[in-house]
Amino acid sequence: MQNKTYPFAACRRGPTPIRSKDLPTRKTSMPVRLRKLIGTIIIIILVVVYALAATTFASLLLGAAPWWVHLAYFFFTGLLWVLPAMLVIKWMEKPANPR
């Protein structure tokens, strides 16, 4: 048998994999200190707005409700603000990209 040469032999092996060092670098991460400052301000605003909204809602709609409804409402609304605050804290605590 005779060896056949293929002029496009490199194409037969498939595309070459892209290495991470070949990709353009982008700085998408902000400094940790700035992220923590922004997160702290967001949490303070969240707590103030949430407390005002929860209290306004309670005073408008729960005025004639029994004491146990008030207790349950303020128990759950007192804990509910933690969920969005956890997301902000999780964002704040992301590690910085290595340089």
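In the stretch 53-69, what residues are modelled with pLDDT of 90 or more, over 26 Å from I43 (Cβ atoms) and surrounded by 10 or more Cβ atoms within 10 Å (Cβ to Cβ)? Within the stretch 53-69, V69 is the sole residue that qualifies.
Among the residues of the stretch 46-95, those that are assigned to a loop (DSSP other than H, G, I, E, B) and under 29 Å from S29 (Cβ atoms) comprise W81, E93, K94, P95.
The values are calculated or read from the model by the stated rules, or taken from the named source; none is laboratory data. Since the structure is predicted, the reported quantities are computational estimates derived from the model, not experimental observations. Using ideal geometry, Cβ is built from the backbone for each residue, glycine included, and neighbour counts are taken over all protein chains shown.
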